[in-house]
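The values are calculated or read from the model by the stated rules, or taken from the named source; none is laboratory data. What you see is a predicted model; the values in this text were computed from it and never measured. When we count neighbours, we look across all protein chains shown, and the Cβ atoms used for this are built from the backbone with ideal geometry, even at glycine. Note: accessible area is taken over every heavy atom of the protein model, side chains too, but ligands, DNA and RNA are not part of it. Shrake-Rupley method; radii C 1.70, N 1.55, O 1.52, S 1.80 Å.
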Amino acid sequence: MTAKRPSASLPAMNIGLSFREGLAGDGPRSLTSAVQERLRADILSTRLLPGQKLHIAGLAKQFSVSLAAVREALSRLVADGLVQASDQRGFRVCPVSLADLADVTQTRIDIEGLALRRSIERGDQAWLHSVLAAWEALKAVPHRYPDDPTVHYEEWVARHRIFHRALVNACGSQWLLGFRDVLHEQSERYRRLSIRREVGRTRDVEAEHAAIVEAVLARDADAAVSALSKHFGITREFVELAAPRIAEVNGTT
């Protein structure tokens, strides 16, 4: 499969027009959700950088929606931990830091490790098949754009999210899955920042995933959690090596 990087000069999508056409009769709440999801995607992909100011009027004009729709969308993202709000300074993308990275990584290891252990204990054959299917789908697409290795291949990102969620889907706790999903989103921003910078090391992400899958299929919970923890730990190491990039983007206006 040939993966071509999307043009960096593509214009911003006009959410107002496209979503108004598809959601007529659903009311302003649907437009707010559309704005929220577009902003979420831009934050997670680091098209909106950590620390970047989010101007309500500018976003309303860009998306052809009301100020109220943008304000509500940003307020929802505050609750998700992706946006900060200040009475004097308005809204901005949550900043990143190595201290936060360490906290997010360890908490994700704790939460996702528990969810994985429970899934191995409780998951049936259908769950095992779903893990294997998600793994095979992930392997079928490239990790990065061949013409620009500093950018994730978008389809890989989507399938990677599905793969990691499949691993824990049989844990039996919506609360656990909810906390896990929040931590995954926070980790995603760091991964996107780290891949932009060459750090003098390479990693075999496919082999890391394979170790997790092998342990899951063998129903070896200790080995699976250990492989998962190692996988997250390596990601943290690469982000730390890219720390100058993180320092560079924080505080962008």
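Of note:
- Cross-chain or 6+ apart pairs with Cβ under 6 Å, the stretch 134-154 first and under 22 Å from I212 (Cα atoms), then of a type in the set (G, A, S) and modelled with pLDDT of 95 or more: A134/A166
- Tallying residues that are assigned to a loop (DSSP other than H, G, I, E, B) and under 23 Å from the mean Cα position of the chain (by Cα) within the stretch 212-243 yields 1.
- When D110 is tested against (1) more than 25 Å from L228 (Cβ to Cβ); (2) at pLDDT 90 or above, only condition (1) is not met.
- Of all residues in the stretch 163-185, those satisfying the criterion of being over 27 Å from V141 (Cα atoms) and open to solvent by less than 30 Å² (accessible area, probe 1.4 Å) are C171, S173, L176.
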